[in-house]
1. Using only the Cα atoms of chain B, each taken as one equal point scatterer with no solvent, compute I(q) by the Debye sum, divide by I(0), and report log10 of the ratio at q = 0.07, 0.15, 0.17 Å⁻¹.
2. If packing is taken as the average number of other Cβ atoms within 10 Å across a peptide's residues, how do A:72-81, B:219-228 rank, most packed first?
3. What does the net charge come to around B:Trp180 if you take all other residues with beta carbon closer than 14 Å to its beta carbon, with K and R at +1 and D and E at -1?
4. Which lysines have a Cα less than 23 Å from the Cα of A:Lys152, not counting those fewer than 8 places away in the same chain?
5. Taking every DSSP beta bridge with both residues inside chain A, roughly what % is antiparallel (nearest 5)?
6. So what is log10(I(q)/I(0)) for region A:3-90 at q = 0.12, 0.22 1/Å, when the Debye sum runs over its Cα atoms only?
7. Quick one: net charge of A:Ser69's neighbours, Cβ under 12 Å, K/R +1, D/E -1?
8. What is the mean number of Cβ atoms from other protein chains located within 10 Å of the Cβ atom of each residue in peptide A:148-154, rounded to a whole number?
Amino acid sequence: MVEIHGDTITGEKVLRCLAEVLDPEVPVLSVVDLGIVRSIRVDDGSVTIAITPTYSGCPAIEPIKAAISDAVLGMGLSSPEILTQLSPAWTTDWIAEPAREKLRKYGIAPPLPRSAEVGIVPFSEISSHIPCPHCDSLKTEELSSFGATACKALCRCKDCREPFEYFKSF
Amino acid sequence: MTSNRVEHGGAAHTSSRKALDHFVLEIADDALVLGHRLSEWCGHGPTIEEDIALSNISLDHLGQAQCLYELLVENDANYGSADKLAFFRDSFEFRNCILVEQENGDFAQTIVRQVYFSAYYYFLYEQLSSCPISLLSDFAAKARKEVSYHLRHAGEWILRLGDGTTESKARAQAAIVQLWPFVEELLAPSEAASILIAESQVFEPSTVSSAYKQYLETLLSEATLEVPSSTAASPLNGRQLKHSEHLSQLLSVMQSTARAHPDALW
Ligand SMILES: [Zn+2]
């Protein structure tokens, strides 16, 4: 849920605009799909956007801020102030079902609910619950807990034999 | 980051404010130094997957350090900037523990260092995430999730190394013994931590310590490895600014570009 304050009509427009700004690392999800846009405030045409970082080490955060800024400028508004909000900590539970479907179609297994991955249980015990995004089989295994980006693990389906990425529950 | 204005809760007094700053620097410097050490593996990992994993863990640690440095700067402009804290302090000003400045050694040493480190932070953050100082609790709630992945990853390697070949087992056991004297520094609360604990009950050291030891015993026994019986702790102590020579060597590499071009932007 994105909170909108101040001039809510313009705020809604900004939100619709940000819903088109894609994450550079998973370019089927927008920054709104990911849940990193927390609030938008518009006062007398000046825009303040609070975002929450995903992983501390996510190198995409700077390009994402730049893309958000460009999108707001593209609406004819002035350059937004972008604030970083740490709390509550970002969680993949904020990725809603329509966005999860986009991930599946893109070949990435969407994150399991956070409750399914508790504490420090071995990943091997979790991977058996990740359905293959290609054939829905549950016979899957982890190849590497760190994939091409910090947010993904590399898995393989034992039925269709295809490798796939899993958007880790966080 | 103005939305993050920090309420110091019980730590508004000057001495406890200083203790809070020192405690945050301990955590941030740990993350920065280990993050740099892990980055030395980039391009040298035993497999491409592991190269990527170590780099990702490194990035998480660097991001954690940056976040904490920025929070310090936000509360006290005298710190200058996150870059100034990372690149323009000398080794005797760093508060990181001795464990993280140890050289990478072989892969087993790197993995054992990670397990010793991440297990401590996993249990520390578990407690800090509900402590009354919002700067600490907000950060810990987020960092704990990252650390849980690091610990899970390194822990699985311990199982493979210990239960692998004679060679991998011998190397893992040697690393466990070699790095053991640095664990005590993590588990014993620093002066700064002690002040915060006394004033705001930020965490309970004995709970962290017993959870840590329990975790290690379980992991190592499953890996057919042994917890060292020695209780000899290293005379060095990074929380007291008494570092090994490894730190100044690490900093000379890490800080060289920033110091050669102090006004550069990138
Ligand atoms: Zn499949």
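Here, each number is a calculation from the coordinates, and none is a lab measurement. Treat the numbers as computed from the prediction; the structure is a model and nothing was measured. Every residue, glycine as well, gets a Cβ built from its backbone with ideal geometry; the counts of neighbours run over all protein chains shown.
1. These q points yield log10 I(q)/I(0) values of -0.24, -1.13, -1.44.
2. Peptide ranking by packing, descending: B:219-228, A:72-81.
3. For residues surrounding B:Trp180, the net value is -2.
4. List returned: A:Lys65, A:Lys102, A:Lys105, A:Lys139, A:Lys168, B:Lys142, B:Lys145.
5. Beta bridges within chain A, antiparallel portion: roughly 60 percent.
6. -0.31, -1.06
7. Numbers: positive: A:Lys65; negative: A:Glu62, A:Asp70, A:Glu81.
Charge balance in the 12 Å sphere: -2.
8. Mean number of neighbouring Cβ atoms from other chains: 3.
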